[in-house]
Structures are given as structure tokens and as C-alpha cells.
Amino acid sequence: MKRKWVMSGTAVMLMLSVVLGCAKGAGTDKPNEQTSKPASNSAAVDNKDNKKPFEGVTLKAALVGGGSYEKLYESIPKFEQETGAKVQITYKGNFFDLDKKLKIDFASKSDDYDVISNHSSFYSQYVDSLEPLNNLFSADDMKDFTPMILNGGKRDNNLYMIPRLADISVYFYRTDLYNDESNKTKFKQDYGYDLAPPTTLDQFKDQAIFFTKNGKGINGTQFAGKEEALTGRFYELVNAYGGDFFDKDKKVILNQEAGIKAATMLQDLYKAGAMPKGMVNFLWDEVAKNFGNGNVAVYSEWPGWYTWMDDPASTKVAGKFDVVRAPAGPSGVHPGWSGAHGFSVTKSSKNKPAAAALIKFLTSADNMYADSKLGNMPTRQSVWDKVLSDAKASGDARKINFYNVLNTALKEDFRTPPLIKEWIPLSNILYPYLQKIILGSTTPKQGLDDAAKDIEKMMKQSGN
Amino acid sequence: MRKKNVYLSLNYVASYLLMGVFTFPAVWIILTAIRPDKEVNASPPVWIPETVTFDAFAKLFGGNTSTGSIPFHDYFLNTIWIALLSTVFSVMIGTLAGYYFSRHHSKRANAVFLSMMLARAIPGVALSLPLFLVFSKIGVLDKISGLVIAYTALNIPFATWLMQGFFKEISIELDEASFVDGCSMWGSFAKIALPLTLPGLSAAAIFTFLTVWGEFQISSLLARTVASKPFTVGLFDFTTQFTVDWRGMAAMAVVMIIPSTLFVIVAQKWLIRGLTFGASK
Amino acid sequence: MKAEASLADRQYVLKESVFDSLRASKWLFAVVFVAPALIFLTLVVVIPMLYSFYLSFTNFNLVLKINKEFVGLDNYVALLSDSTFLLSLLRTIVFMTLAVNLELLLGLLVAQLLAKPMKGEGFLRTALMVPMMMPPILIGFQFKWFFNDQVGLVNNLIYAVTGQTTQIPWLIDAVLGFISILTAEIWMGTPFIAIILLAGMLSLPKEPFEAADIDGATRFQKFYYITRPLLAPYMLIALAIRSLDISKAYDLVKIMTGGGPAQRTELIWTYVTRLSMVDSKFALGCAMSFVSVAISFVFTVYIYKQLVAARR
């Protein structure tokens, strides 16, 4: 009898000890192990110089990855060397995945990172969990940033996001197709005006359909077809058709005339085969690759892709494309859905000054200038000026055109989506309806009416 | 006789064709991992890589969190710990319970047994919602321990089911003989039954290990950062803002397939026996 | 004679004492052996599920900071009027039924093929286990690529064979998307069933087949009247395990289509996560998750009952 108890007792103890031991191991041991390794390398340096401001601090970050971000992160060891802080990127994904994660983490108070990647379209949702940066960044720190872009990260006079790059789309088009003589004659014949990069959305639609019919296996155009990528594109088209998502009283009006026109255009283009069938599954990556593979004639794209696109090692269209300002709608407005990528500090951070220092480092003029080489639009005036003068000095006509177009777009067309915390929830409701419209399983009017109804309901629930 | 030969060769052709179908995705993953980047999404697809490169693996193994590369080492250790610990616990607990249910057949015992199996039938998504809230309250969200707890519970029913089948194969006479020798109930279990069911034990362990190793529904919600993310969730690190690094993903996938491949090859026989024991009776 | 009797007596007495001790320590036995399992399951499965059940009657929202209020059956009523939910429910039931049946059918076929002694049978049987080695999520990534309409293998094969270059929108069209996901599911599940059935076939007694040969039975007759009934318990085991795992199709859908486009390929499991985590309607998600639990239970109990019946 006794033996049984002893044996089962030890079994339970054994189990418990392993469970507990493991919990400890997961929680504390590992980060230590991680920090100790690289730190020991620079231990000698550390001892000599005790002035490092953030010695022993470990900063955790949940960030966006890919593209120019990877290059940026490769510079982080320099920051670690300078400040003594240790940076751990504990999460990496695209903005859509990051947003889903952040929302849930903040809501359940399980965020345990100091710095996050942020976006002007997203940050409004989590201002409650973000640290206002007014006290962490002096006026001096911020004076170089373009005010318009900086304002994209402000709410009630509090700054929540330091912008790293500004984003506004321009239209990329294939010069080889547009300059092709037979295309030119054929187009003039069919449509009665000269084939040239589109300046209006009507021309854009004509040309997209034209190239679909005449290019072998080419789709005239394409858009990203899901998530906020689709919502945003739709938003700028609605703007161009003279409408908006909300009126002044925050009433949903996206199902009015402009919305229906924009949706109809998307549906028409898809129906005509002028957009790839798989478009509704495309995100930024697929869109860019598709153009890079030479499958598309003209489309709206972020300037950050320019360098990649112009590299013969990565695409088939290197040197064979150019950019133009987004074609205007009947209202005279050019589509200009824009935003800024940036960084924020979480309220839960225990090392806010160190977190702010990391952001200052990541958005420093040096780093931003290096980023701009990859095609990013800098948010510091000084860097932007330098980039423009570099382009002029290069004498490269395409490059000069690229930056001129960007400069115009930035000055004239920069429009962020409504800076409300419901923007992404709105998008999550809207984009499946837009997909339905594009795929032709509902009419533009019906689809938008249904979406508007759901959005109204959501807005009301969220306290508007 | 000729007809039989035709059948046999048809059988050969069909069998090997089928094996092609079943192994192809795995082969393709390996090929993707070692081919040059520009071949990865080429259309039409490139079948045999022109040159072989192990860049993706080098990059993967050299990853660390401060430069933003994929923290492969962390994912690897997380996955191993989670899979090993939850396998050990669930098989241990499942073995005990399995022994009990193999020796008790009252109505009540059967009802308990059935409800345990029902617990296993709960879809991961359904369980992960409340677990997320509970775990965040008790502070094991995004901890290896949390995932171990969840997976242990989830795998207990299956381990119990497998083990009770194995224990049933051991005749009750042996139990009795051990009692005669003065063994207690525990002694009889530990000295007689357990050694005889080692193959079953390993089948249960392997099956649990593989299940946990590849699990995604629950870990995608409970593992939030590099502190606890296993491979299955870490794979999404390759889908970044601008690109999907299919080749890097494939390299990690290859690493993910290796242990399961080894396990399955080594322990095939036990596994099959473990899964089919009851049917032969 | 006398010695034998006394031996039997002694055995009888021994048995009695064994069962006495069994009875005496029954409670202890139960506690030591079953309690860990039950405690674990209660803490990690039962209590959270009860909590989730409670939540499903509230308006709990993960992101909007509204007070948790009791709303009765509102969530369940909302589900009944949600056409996306009803469609995904229907789709899930069709999916489960088709998947399990096709997997069984194909599994039988594969097992039948491999049951013949062949050169390289060891290799063939190991190859059959490859899909079991791959985590479902990897399978999803691979099949997503196979069915990609632009660079995917399937379309490229079709181009090569037919010479046509019309892109077939595998993961876009509602029916084709369903078929693509079903294909991945079948690829994932069939080998497991085949392996178990193969083990069953290899253990079948030879006599009935020899007798049937003498009677001049056809291949089909032999299969239908001998193999099939003898294999029934194996089939049920395979089905039982498969059906417990059927919700793993979540991984496939999540990767291959994300339930889209326009929620055309949503299965109930993916819709649960979309509602609760993306749209942050947590309570509604909980309500829906109970519908998914109910389906799984019905499915499992049905198969388990048959399993028990077959084992007797």
C-alpha cells in the first residue's frame, strides 16, 4: 500500500518539476542566453567605455519584414554597439498580419515589446496602447520631418508614430508596349486618340482593355485584390470619381454614385479579362512580381518597388518601364491613397527612452538616405532634397522623371484614408464585398449597399 | 498466366506512379530549397535546378533576432521542447489511463472513456479561443509551458486509446500471476504490462510527437513571438510586407520534415502495429 | 486425482484473493491511473470550453472596449441569419463527407495495389508515409503553389498537354477552389488510411481466398465478399482517427485561399477564426465554434459506435 503511494507520488512530483522547470526555461532563460552571446563579443569594448546610455537594456520589437526593411535591420548591431542596448525582433510579418497580431495582443494585454512597426492606416486602432511621443522626441528631433507626413501619425495633438517612409502610388507602364508602332496605329484606329500613358481613368480603362486584346497573354492592368490593399485602391478610385467613404457627419456614403462608378470600373476590367483571374488573391508581392514577369501593361504601384523592378536580375521588364502620375478621375482628383510606414513605442514598454533611441536610429538621416537608394520615399526634408538633387545630377532621364512624378504626387495627391480606428475593421467588412463585385457575383450597387449597411452597424457598435 | 502478368505489371506501374504522386510535394520542397532564387517562381516551372545552391540553408542557420533574419535557432528549440515535453507528458498520462481502461469495463468507465475521446474531437480553433483568454490571464500565453499544457491535454485521449488497446492484448492472467508473486497493482503495471507494451508506447509517442510537431491551429493563436513560436508558425516570417521568400520557406520546411522522416522510417512497424492492434482481434 | 483437485482449489483461492485486493484498491487504482488524465482534460479542455460556452451568450468583443453583457441567444440567432455562415456550414459538411469517403475509397485502392508482393515494396510503403510526415501547413503551401493560376504546376501541365493557355482560376472559382482544397485534403489523408488497410490486408487469412479460387470467384467477388468484411474493423479505425483530424483542413484552407476570395471557400473552422480574431467578434466566434464542435461530435460518436460494434 505504502509503496503505491510513494511511486505515484514521485511520478507526480517528477511531472510537476518538469512542467515548472520548463515554464521557467521558456520565460527567462532563453532571452538571457540570447543576449549573453553577442554581448560577450563586445564585452571588452564595454568595459572601457562606461558611458553607454542603455547598457543591459533589452528591447523587444514586433516589426514588418522584407524589402528595404531587411537592410535597415542589418544596421541594428551598430545601434547596439553605440548604446549598449540589445535588440530582439520577436515578431516579423507583413502589415496585415502584424496588425491582426497587435490588435489581439493589445486587447489581451499580452504585448511585451517596446517598439513596433506602424502605419498611418493602422495606428489609430491602437493609440490607447501606444506611448505619445511628444515627450520622447524634442522639437529638434522632429523639425526635419515633412510636417504633412508627420501629421499622418498624430491624433489629438499627440504624436504616436515616427514616419520612416512615405508612400504614394504612381502608375507604372511598359514603355516597350506603349512605344510599339503597331500598337500605336491600332489604338488610334480603335479609340480615336493617340496611345500615350493615361492621364485620365477613362483612358486607363481603354488602354487596359486594348492591351488585353492585343498583347499575347498580357493583362492590361491589375490591382491588389484583397485585404486593405484592395480597400485602399478602391478608396482612391472613389476619391477620383468625386466621392468619399464618409460624409462630414461620419455617415457612410461609399455606396453613392462615385463608389458605384469605381466598383463598376473594377468589375468591367475584370469581366473584360483586363485583369488576371487570380487577382483577387493578390497582395503587393504578387502584383509586383506579375508586372515584373512582363504580364501587365499599366498599373498602380508603390515607388518602393522601382529599384527592384529595374534590376535585370529580378525582373523581365528592367529598363522597359516608366512611371506617370496616377490618372485623374472625372472630378479632376488624382487617386492618391497614401500613408507612411513608421515606428511607435508601446505604453507597456519598460524602457521608453531606449525604445525612442532605437526609433531615432532607425529613422536617422543616414539610414533614411540608404533606404532611399532602394526606392523608398524619405520623410525627412533634408534627405528628400538630397535625393532629388542626386537624381538631377545623375542625368538619367528615367530617374529624373521618376522623382519628378513622385514629387508631384507627394505635393498634390497625398491623401491618407480616414484616420479612424475603424479603418481596418471597415476594410475587413468591405473587401470581401468588393471581391464579390469584381468576380461578378453581385452588382456594384447591391454589393456596396450591403457593405455600407454592415459598416454602419460596426461603426455604431464601436461607439460612433 | 499471361493475364496475371499483365495485371502484375499494371500493378507495378500504378504503384510507382502513385508513389510519385505521394512523394512529389516533398521532393519539390527540397528542390525549391536548393534551386537558385529566380527559378523559384518561374513560369513554366523549371524541373531540375540548373545549379544547386545551399544559400537558403546558410541564411537560415545563421539567423538571429537582432538583425531581423529568421530566428531559426529559437524556432528549432521551441519546436523540440514543445514536441518532446508534450509527448512525454501525454504518453505518460495516457499510458496510466489506458491501463485503467483496459482493466475496467464498467458502464461508467466506458462513458468516461468515450467522453475523453470526444475531447479529442474538439476542433483546435474552438479550443484555442478560450485557451487564448485563459492563458493570457494566467500568464502562460506565448510561453513554451502554455503550449506544452495545451498539447499534452489534447493528446492524452489518443494516447489513452492506443495504450488501452495494447494493454488489452496482455492477458489478465499475467496480471494475476504477478499478484501471486506479491506485486501491487502498480508493480504489476510497471513490471509486467509496461515492458510488454513498449512497441505500443513508442507508437503512441511517435504519433503524438508528429501531431504536435505539425500542429498549427492552436499554436498560431497561442504562440505570439519568438519566445514560443514553433516552426509551423515561424514559417509565416517568410511572408513579409513585400515578398514571400519561398526558397527560405522551403529550406525551413526541409528541416521540418527531417525528424518526422527519420521517426517514421525507423519506427514504421511499431506505428502501424500500434494503430491497427485492435482490429486484428 | 486428489492432487489435481487441490491444485484447482488453490488456484481458485488465489484468484479470489487477487480480486479482493483489486476491489480493495479500486478507488486508489482509479485515482492514480485516471486522475492525471481527467484533471488535465478538465483544466485544459472542459473548463475553457465551458468558459467559451458562457462567452457565446455575451457580446464580448476582443478589441472594442465594450462591457461584457449577457445577450442570451443573440449570437446564435445572428448566425442563423448569416448567409456566409450557413454556406460555410453546408460546405464543411459536404467537405467532411466527401473527404472521408473518397479517402476511404482511394485508400482501399492504394492498399490493394501495395498488398501485392512487388520489387521495392519496402520503398513503396515508406513512400506512402511521406504525406504523414509533412505538417498540414506545408501541404497547404505546396498545393497553393500547385494550383496557382499563373505559375502553378497544374495549369502548366494542362498547357503542356492541351496546348492551350487559358488560365484556369483554381483558387478563385468557388467550385474549383473547393476541389483544390479537397484534393490537398485527400492527398494528405489517403495514405494514412491506406497504411492501416494495407496492414489489415496483409494479416488476412489465406484460406477463404483459396476456397474462393476453387469456387472460381472473380477478383471483384473475392474483394467484395471476403476482403471487405474482414477489413471492416481496420476501415473503422482508420476512419475514426481521420475524422478526429478532419478539422486539420483548417490549415489547408488558411494557406491555400484564406477562405477567400469573397469568402467562397470558407469552411466553418476558418470562419471561426476570421470572426473572432480578425473581425474581433469574439463571442460570435465562440458561438460558431460550438457549431463546429457539435458537427465533430456527431461525426465522432457515429464512427465510434460503429467501431465498438465492429470490435465485438
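The values are calculated or read from the model by the stated rules, or taken from the named source; none is laboratory data. Keep in mind that this is a model prediction, so the values were computed, not measured. Glycine gets a Cβ as well: all are built from the backbone with ideal geometry, and neighbour counts include every protein chain shown.
Checked against the criterion of being over 26 Å from A:Asp413 (Cβ atoms), of a type outside the set (Phe, Trp, Tyr) and either in contact with a strand residue (DSSP E or B) (Cβ under 7 Å, 6 or more places away or on another chain) or assigned to a loop (DSSP other than H, G, I, E, B) (or both), the candidates A:Ala356, A:Ala340 yield just one match: A:Ala356. When the criteria are applied in full, A:Phe172 meets the requirement of being surrounded by 22 or more Cβ atoms within 10 Å (Cβ to Cβ), modelled with pLDDT of 90 or more and of a type in the set (A, V, I, L, M, F, W, C). Only residues that are buried (at least 24 other Cβ atoms within 10 Å of the Cβ) and more than 8 Å from chain A (Cβ to nearest Cβ) were counted across segment B:131-145, and they come to 2. Take the residues in segment C:236-280 that are away from chain A (no Cβ under 14 Å) and of a type in the set (Val, Ile, Thr); name whichever of them is surrounded by the most Cβ atoms within 10 Å (Cβ to Cβ). Among them, the one singled out is C:Val272. Annotation note: Cβ proximity below 7 Å between a residue of segment A:263-290 that is within 17 Å of B:Asn41 (Cβ to Cβ) and a residue that is assigned to a helix (DSSP H, G or I) and among the polar types (S, T, N, Q) (sequence gap 6+ or interchain) occurs for A:Pro276/A:Asn290.
For the criterion of being hydroxyl-bearing (Ser, Thr, Tyr) and at the interface with chain C (Cβ under 10 Å from one of its Cβ atoms), B:Ser220 passes. Could we say that A:Pro312 is surrounded by fewer than 21 Cβ atoms within 10 Å (Cβ to Cβ), over 24 Å from A:Phe95 (Cβ atoms) and without any contact (Cβ under 8 Å) to a residue 12 or more places away in the chain here? It is true that A:Pro312 is surrounded by fewer than 21 Cβ atoms within 10 Å (Cβ to Cβ), over 24 Å from A:Phe95 (Cβ atoms) and without any contact (Cβ under 8 Å) to a residue 12 or more places away in the chain. Among the residues of segment B:105-130 satisfying the criterion of being part of a loop (DSSP other than H, G, I, E, B) and modelled with pLDDT under 90, which is farthest from the other protein chains (Cβ to nearest Cβ)? This residue is B:His105.
Against the test of being touching a strand residue (DSSP E or B) at 6+ places or on another chain (Cβ under 6 Å) and either in contact (Cβ under 8 Å) with a residue 24 or more places away in the chain or farther than 30 Å from C:Asn59 by Cα (or both), the options C:Ala283, C:Ala287 yield a single qualifying residue, C:Ala283. Scanning segment C:156-170 for residues that are facing another protein chain (nearest Cβ under 7 Å), in contact with a helix residue (DSSP H, G or I) (Cβ under 8 Å, 6 or more places away or on another chain) and within 17 Å of B:Asn41 (Cβ to Cβ) yields a single hit, C:Gln167.
Within this structure, B:Thr87 fails the test of being under 28 Å from B:Arg224 (Cβ atoms), assigned by TED's automatic domain parsing to the domain that holds B:Arg224, modelled with pLDDT under 90 and among the hydroxyl-bearing types (Ser, Thr, Tyr). Here A:Ile104 meets each of (1) in a helix (DSSP H, G or I); (2) modelled with pLDDT of 90 or more; (3) more than 19 Å from the chain's Cα centre (by Cα); (4) crowded, with 17+ Cβ neighbours inside 10 Å with one exception, condition (2).
For every residue, the table says whether it meets (1) basic (Lys, Arg); (2) at pLDDT below 90; (3) touching a helix residue (DSSP H, G or I) at 6+ places or on another chain (Cβ under 7 Å).
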site: C:Pro261; (1), (2), (3): no, yes, yes
site: C:Arg264; (1), (2), (3): yes, no, yes
site: C:Trp269; (1), (2), (3): no, no, yes
site: C:Thr273; (1), (2), (3): no, no, yes
site: C:Val278; (1), (2), (3): no, yes, yes
site: C:Phe290; (1), (2), (3): no, no, yes
site: C:Phe299; (1), (2), (3): no, yes, yes
site: C:Tyr304; (1), (2), (3): no, yes, yes
site: C:Val308; (1), (2), (3): no, yes, no
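Note on segment C:116-163: residues that are in a helix (DSSP H, G or I), within 30 Å of C:Leu230 (Cβ to Cβ) and either free of Cβ contacts under 8 Å to residues at least 60 places away in the same chain or in contact with an Asp or Glu (Cβ under 9 Å, 6 or more places away or on another chain) (or both) total 7. Those helices (runs of 4 or more DSSP H) of segment B:167-281 in which 3 or more residues are surrounded by fewer than 17 Cβ atoms within 10 Å (Cβ to Cβ) and under 17 Å from the mean Cα position of the chain (by Cα) occupy B:246-276.
For segment A:386-395, the criterion of being of a type in the set (Val, Ile, Thr), crowded, with 16+ Cβ neighbours inside 10 Å, in a helix (DSSP H, G or I) and more than 23 Å from the chain's Cα centre (by Cα) is met by none of the residues. Only one of the numbered conditions (1) assigned to a helix (DSSP H, G or I); (2) closer than 26 Å to C:Ile93 by Cα is violated by C:Gly258, and that is (1). The criterion of at least 1 residues that are within 14 Å of chain B (Cβ to nearest Cβ), modelled with pLDDT under 85 and in contact with a helix residue (DSSP H, G or I) (Cβ under 8 Å, 6 or more places away or on another chain) is met, among helices (runs of 4 or more DSSP H) falling completely within segment C:1-96, by C:2-24, C:26-41.
Among the residues of segment B:69-84, which ones are assigned to a helix (DSSP H, G or I) and not β-branched (Val, Ile, Thr)? Once the filter is applied, which keeps residues that are assigned to a helix (DSSP H, G or I) and not β-branched (Val, Ile, Thr), segment B:69-84 yields B:Phe72, B:His73, B:Asp74, B:Tyr75, B:Phe76, B:Leu77, B:Asn78, B:Trp81, B:Ala83, B:Leu84. Going by the conditions given, is A:Glu236 among the charged types (D, E, K, R) and touching a Ser or Thr at 6+ places or on another chain (Cβ under 7 Å)? For A:Glu236, the condition - among the charged types (D, E, K, R) and touching a Ser or Thr at 6+ places or on another chain (Cβ under 7 Å) - is not met. All but one of (1) touching a Leu at 6+ places or on another chain (Cβ under 7 Å); (2) facing chain C (nearest Cβ under 8 Å) hold for A:Pro425; state the number of the condition that does not hold. For A:Pro425, the failing item is (1).
Each residue in segment B:145-202 was checked for being within 18 Å of C:Ala35 (Cβ to Cβ) and of a type in the set (Ser, Thr, Tyr), and 3 of them qualify. Total residues in segment B:117-164 satisfying the condition of being polar (S, T, N, Q) and either in contact with a His (Cβ under 7 Å, 6 or more places away or on another chain) or within 14 Å of B:Ser86 (Cβ to Cβ) (or both): the figure is 3.
You will find that of A:Leu434, A:Leu419, A:Leu410, the residue that is in contact (Cβ under 8 Å) with a residue 40 or more places away in the chain, under 16 Å from A:Glu236 (Cβ atoms) and crowded, with 23+ Cβ neighbours inside 10 Å is A:Leu434 and no other.
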